[in-house]
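> Let me give you the structure first, and then I'll get to my questions.
Computed from the coordinates by the stated procedures, all read-outs in this text should not be read as laboratory data. All values derive from a computational prediction rather than experimental measurement. When we count neighbours, we look across all protein chains shown, and the Cβ atoms used for this are built from the backbone with ideal geometry, even at glycine.
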Amino acid sequence: MHEITILSGKGGTGKTTITAAFSSLAESVVICDSDVDAADLFLIMQPEVKQQDAFISGWKCTIESTNCIQCGQCVTQCRFNAIIENKDGRLAIDPFACEGCRLCERICPQQAIVSTKNSGNTWFESETRFGPFIHAQMGVGEENSGKLVSFIRKKAKEKAIETSAQYIISDGPPGIGCPVIASITGAKQVLLVIEPSQSGWHDASRLINLIKNFKVSVSAIINKAGIHQELELVIKDELEKLAIPVLGEVPFSMLFRHAMIEQKNIIEYAPKSSEAEIIRSIWKALINTDKVFKLNKQESEYVRF
C-alpha cells in the first residue's frame with residue numbers, strides 16, 4: 001500500500017480538513033489519525049468502534065506507606081523531583097512529574113516502592129463511511145506519544161494488508177518532535193499543508209529541515225490561500241528553490257467551517273464547489289507525484305523568509 005502522511009509544522013493549518021477530504025476521494029483506503037495528543041479527525045469521521053484496547057507505555061510508581069520508613073533516599077536521588085509529601089506528611093509520587101525510570105524502586109532499602117505498567121492510553125479500530133479508521137486517545141498527562149503513533153501506524157498497515165487497501169492516509173501531528181518523526185519514518189509520501197502566515201511558514205520551514213533526514217517523497221499545498229498574498233509568493237519561491245512541488249492552493253473559505261459543523265468534509269458538503277474541485281485536482285496530482293526531496297545538508301539550518 002501507499003502511505004501518505006499529512007503534516008504542517010504547526011496546528012490549525014487544516015491538516016485534518018484535507019485528510020478528511022482525501023478520504024472521500026481514495027477508492028481503497030485506511031485512515032489513520034497520528035495526531036494522538038490532540039486527536040480530532042473522529043469528529044468528521046463519526047467512527048463506529050469495532051475494537052479498543054489499552055496501549056501499554058512506560059511505568060507508574062507508587063509508594064506503599066506501610067513499608068516506607070521515610071528515609072528520603074528516593075527524594076534525594078529523583079532527578080525529576082517527583083517524590084513529594086502528601087497531605088498526611090507521608091512521601092508519595094507525583095504521577096505527572098514521574099518519568100517512570102524506576103530508580104526509586106531500585107534504591108529503596110525497604111522495597112516500599114512498586115512499579116506497574118502504565119495503561120492510560122487507548123487505541124481504537126473503527127469503521128467509517130470511508131473505510132477502516134485507526135485512531136487513539138491519550139490520557140491526561142500521559143507520555144510516549146511517539147510510541148503510540150508508531151503502534152497505530154503498524155495497526156493501520158496490518159488493516160490495509162487485510163483489506164487490500166491501496167492507500168493509508170495519515171493525519172499527522174504538529175511540530176517537529178518525536179510524534180512527527182514517528183509519523184514520517186517508513187512513510188512513502190509527505191504532503192505539507194502550509195498556512196500563509198509568519199508562524200505557519202516558520203514552522204513549516206523547521207519541518208522541512210527535519211524531513212531532509214528522510215528519503216521520502218514530499219510535496220506541498222498552500223491552505224487558506226488569499227490571507228497573505230505577498231507571503232504566499234515568498235513561500236512558493238522558497239519551495240521552488242528546494243524543489244518541493246506545490247500541488248495547489250486551497251482558498252480561505254467559510255465552506256470548510258460549515259462542512260465541519262455538519263460533520264462532513266468539503267467533498268460531501270459541497271461537491272460541486274470550486275473548493276471541492278481544487279481538492280480533487282490536488283489529490284490527483286498527489287497520487288501521481290513521485291519526487292524524492294533531497295536537501296543539501298550543508299545548507300542553512302533554517303529556511304529563510
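> May I have the count of lysine pairs in region 218-272 with C-alpha atoms under 25 Å apart, counting pairs 8 or more residues apart or located on different chains?
Working: LYS224/LYS236; LYS224/LYS241; LYS224/LYS264; LYS224/LYS272; LYS264/LYS272.
Taking the Cα cut-off of 25 Å, the pair count is 5.
> Next up: Counting alpha carbon pairs within less than 8 Å and at least 6 residues apart, what relative contact order, in whole percent, applies to the chain?
Answer for the chain is 26 percent.
> Let me ask something additional. Under 5 Å between amide hydrogens, which residues at least 5 positions from TYR167 or on another chain qualify, with H placed 1.01 Å from N in the peptide plane?
HIS2, SER28, VAL29, VAL30
> Roughly how many whole Å is it from the C-alpha centroid of region 216-271 to that of region 44-70?
Result: 39 Å between the Cα centres.
> Starting from the amide H of VAL216, placed 1.01 Å from N in the peptide plane, find each other amide H under 5 Å away whose residue is 5 or more places distant or on another chain.
Amide H neighbours of VAL216: PHE293.
> Now a separate question. What residue among GLN229, GLN73, GLN137 has the largest mean-square fluctuation in a Gaussian network model of the chain, using Cα springs under 10 Å?
It is GLN73.
> Using a Gaussian network model on the chain with a 10 Å cutoff between Cα atoms, which of ARG257, ARG90, ARG102 fluctuates the most?
Per the Cα network of the chain with a 10 Å cutoff, ARG90 tops the list.
> Follow-up. Where the only charges are on Cβ atoms (+1 Lys, Arg; -1 Asp, Glu), what is the dipole of the chain about its Cα centre, to the nearest 20 debye?
660
> At 222 nm, what value in deg cm²/dmol follows for the chain if DSSP H runs of at least 4 each add -39500 (n - 2.57) and the sum is divided by all its residues, to the nearest 500?
Details: 11 runs with 104 residues, N = 305.
One gets -10000 deg cm²/dmol as the mean residue ellipticity at 222 nm.
> List the relative contact order of region 1-136 as a percent without decimals, with contacts defined as Cα pairs under 8 Å and 6+ residues apart.
Computed over region 1-136, the figure is 34 percent.
> Just for the chain, what percent of DSSP beta bridges are antiparallel, to the closest 5?
Approximately 45 percent, going by the DSSP bridge assignments.
> Right, here's the next one. Leaving out same-chain residues fewer than 8 places away, which aspartates and glutamates sit with a Cα under 14 Å from that of LYS157?
In chain and number order, the partners are GLU3, ASP33, GLU125.
> Once the other residues with Cβ under 9 Å from the Cβ of CYS61 are scored (Lys, Arg +1; Asp, Glu -1), what is the net sum?
Around CYS61, the surrounding residues sum to +1.
> Also, quick follow-up: For the chain, modelled as a Gaussian network with Cα springs under 10 Å, which listed residue fluctuates most, THR16, THR116, THR163?
With Cα springs under 10 Å in the chain, the top fluctuation among THR16, THR116, THR163 is at THR116.
> Helix 229-241 sits at what angle to the longest principal axis of the chain, using alpha carbons and giving 0 to 90 degrees rounded to 10?
Roughly 80 degrees between the two axes.
> Once both axes come from the Cα atoms, what is the angle between helix 15-25 and the longest principal axis of the chain, in degrees from 0 to 90, rounded to 10?
Roughly 60 degrees between the two axes.
> Still on this structure: How high is the relative contact order of region 59-117, given as a whole-number percent (alpha carbon pairs under 8 Å, six or more residues apart)?
Computed over region 59-117, the figure is 50 percent.
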